[in-house]
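Right, one structure below, let's go through it.
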Amino acid sequence: MQDSKDLINQVAGQLKKQASNHVASAAPGRSQQGNRTPPSDTKIDAINQIFTLFRVNYHNQYYKAFSDTETLITAKRLWMESLGYFDTEALLRGAKRAIETSEYLPTLKKMIDCCQGDLNHHGLPSAHNAYIEACRAPSPKSSYNWSHSAVYHAGKISDWHFIGNNIQRIAFPIFERNYQQLCERIINGEKLPPPEVKALPETIETPLSGKENHQRMAELRKSMGL
């Protein structure tokens, strides 16, 4: 079998080459998702470290799951795309938590959960519960009593019209990614602003009646000498 250090270096090189040409899939008609920037060397090193830790701790399971170089490269690219918004500290912390809490090689979903930590500790609902809340919240969205401001901001970033007019299979992955990014920022100590409620106008004009419109038009004609 190929030496593990050589394999890691080979995968890292291919990851850099492939990532530089990678373009993110955005929501249909939406530009806010944008193109993802290529991962930094630090992120690539973190992913490599994680897979090395998994190889050491889940030896037989690891080699069964990643039996050849191509499979390993594909897995690392997928993990990089899905975990790229976590900083390196969160990635390594998540890997350590996964190893400590499971005797089985973690799935990508398990790894995301481990990197996020305990959402309940920060008052954050699960991604799916947040999605349901965002879909069901009435308008105006900014006036709704949200369980957490992150749910509102995730819905706003994802585009209310998009998540409200597409089936869950299409809309949820977009919302989930945006929500996970916000959750990571909150876990790292950032405070999100509350929903912006537009102020009501100081005066509310009521439409003129037909008689009042006729009278005003007569006054305007008179003032213009017509």
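Checked against (1) in contact with a Leu (Cβ under 8 Å, 6 or more places away or on another chain); (2) part of a loop (DSSP other than H, G, I, E, B), Ile99 passes all but condition (2). For region 169-208, taking the residues that are exposed (fewer than 11 other Cβ atoms within 10 Å of the Cβ) and at pLDDT 70 or above, the one that is nearest to Ser139 (Cα to Cα) is identified as Glu196.
Every residue, every condition in (1) free of Cβ contacts under 8 Å to residues at least 60 places away in the same chain; (2) closer than 22 Å to Asn57 by Cα; (3) of a type in the set (D, E, K, R), yes or no:
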{"residue": "Leu91", "(1), (2), (3)": "yes, yes, no"}
{"residue": "Ser102", "(1), (2), (3)": "yes, yes, no"}
{"residue": "Ser126", "(1), (2), (3)": "yes, no, no"}
{"residue": "Val151", "(1), (2), (3)": "yes, no, no"}
{"residue": "Trp160", "(1), (2), (3)": "yes, no, no"}
{"residue": "Pro173", "(1), (2), (3)": "yes, no, no"}
{"residue": "Glu176", "(1), (2), (3)": "yes, no, yes"}
{"residue": "Glu184", "(1), (2), (3)": "no, no, yes"}
{"residue": "Lys191", "(1), (2), (3)": "yes, no, yes"}
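Look at (1) surrounded by 15 or more Cβ atoms within 10 Å (Cβ to Cβ); (2) modelled with pLDDT of 90 or more and you find that Cys114 fails only one, number (2).
Taken over region 111-152, the residue count meeting the criterion of being of a type in the set (Val, Ile, Thr) and within 25 Å of Thr101 (Cβ to Cβ) is 1. Here is the figure for region 139-150: residues that are more than 22 Å from Glu176 (Cβ to Cβ) and in a loop (DSSP other than H, G, I, E, B) total 3.
Only a single item in (1) surrounded by 15 or more Cβ atoms within 10 Å (Cβ to Cβ); (2) out of contact with any helix residue (DSSP H, G or I) (no Cβ under 7 Å at 6 or more places or on another chain); (3) of a type in the set (A, V, I, L, M) is not met by Ala65, and it is number (1). Is region 73-92 home to any residue that is of a type outside the set (A, V, I, L, M, F, W, C), modelled with pLDDT of 90 or more and either in contact with a strand residue (DSSP E or B) (Cβ under 8 Å, 6 or more places away or on another chain) or not in a helix (DSSP H, G or I) (or both)? No, region 73-92 has no match at all.
The values are calculated or read from the model by the stated rules, or taken from the named source; none is laboratory data. Computed from a predicted structure; not experimentally measured. Neighbour counts run over all protein chains shown; Cβ positions are idealised from the backbone, glycine included.
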